[in-house]
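This report refers to the structure that appears directly beneath it.
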Amino acid sequence: MCNGEYAITVSGAKRMRSETPAGTTSAPPSCHNLGMKILGIDPGLRVTGFGVIRKEGSRLAYIASGTIRIPDGDLPSRLKVILDGVAEVISTYQPDCAAIEIVFSNVNPQSTLLLGQARGAAICGLVGARLPVAEYTALQVKKAVVGQGKAQKSQVQAMVQRLLKLEGLPGTDAADALGVAICHAHAGAGITGLSSLAPELARKGLRVRGGRLVG
C-alpha cells in the first residue's frame, strides 16, 4: 500500500485527515481547467476503490487513494455504506469533479445487477455533492493509463505508480480508481484542446461535440 492510502470501514475507523482544508464553496461546472482535483471511483459491492489526483496543466499529482470496504449484510445497508463512504471521501478531499468506471460482467446476470446497484449508490453520492461526473469503460481507462485495452491489473498498478510517482505500489482497487481519474484528466486535456480551436473550426464548417469533431 502506498503512502497516503486509506481504508474506510463501517466499524467506525478514524476519519481520514484531509491534506487540504475542507471548504464550503460549490464545485465548478467543469473539471477541464488548470489546478483541478479529480476523484476517481472504481465501484464494487464488497470493495469500492477511490483515488484523488490534482491536474495542473499537463502534470498530474497524487493526493490520496484507498478503499471503502463494505461488510456482509442486506443489500440496502451495503449500498448505504457505499453512499456514506463516497460522501466522506468528498467531504475530506473536496474534489472539483469525479469520474467513475462503467461496470460490465458477462459471467453472471445477478452479479451484473448487484454491481450496477453499487455503481448507482456511488453515483448518487457524487451527484448529491453536486460534482460533475464522467463515465469511462475499463477499456478506456487501460488505454489511457497503460496504452492498450487488454492490460492486466498488475500493469495498471505499475503504470499508476509510475505516472503519479508513488513510493509504493497502490492496491488493485485504489489503482483502478486512480486510473479512472487519470483517464478523465487525459480526456479533459483533449476536450480543452479542441475547444480552444472552436472559432477556427467553425470557419471550416466543423464544431466540437463531446470532445469530438463533427461536421
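The values are calculated or read from the model by the stated rules, or taken from the named source; none is laboratory data. Quantities reported herein were computed from a predicted structural model and do not represent experimental measurements. So basically every Cβ, Gly included, is an ideal-geometry build from the backbone, and we count neighbours across all protein chains shown. Surface accessibility is based on the protein's heavy atoms, side chains included, excluding ligands, DNA and RNA. Shrake-Rupley method; radii C 1.70, N 1.55, O 1.52, S 1.80 Å.
Would you check which residues across region 115-150 are charged (D, E, K, R) and open to solvent by 50 Å² or more (accessible area, probe 1.4 Å) and list them? Walk me through it before giving the result.
Initial filter on region 115-150 (charged (D, E, K, R)): 119, 130, 135, 142-143, 150.
Result: ARG130, GLU135, LYS142, LYS143, LYS150.
Quick one: in region 54-113, which of the residues that are part of a strand (DSSP E or B) and among the small types (Gly, Ala, Ser) is surrounded by the most Cβ atoms within 10 Å (Cβ to Cβ)? Give the derivation first.
We begin by selecting, within region 54-113, every residue part of a strand (DSSP E or B); these are 54-56, 59-69, 97-102.
Subset that is among the small types (Gly, Ala, Ser): 61, 64-66, 98-99.
Values: ALA61: 13, ALA64: 24, SER65: 29, GLY66: 25, ALA98: 31, ALA99: 29.
Once the filter is applied, the top-ranked residue is ALA98.
Going through region 57-93 one residue at a time, which ones are polar (S, T, N, Q), touching a residue at least 12 places away in the same chain (Cβ under 8 Å) and over 23 Å from VAL141 (Cα atoms)? Outline the logic, then answer.
Residues of region 57-93 that are polar (S, T, N, Q), as a first pass: 58, 65, 67, 77, 91-92.
Going one step further and asking which of them are touching a residue at least 12 places away in the same chain (Cβ under 8 Å), we end up with 58, 65, 67, 91-92.
If the condition is that a residue be polar (S, T, N, Q), touching a residue at least 12 places away in the same chain (Cβ under 8 Å) and over 23 Å from VAL141 (Cα atoms), then SER91, THR92 are the ones that fit.
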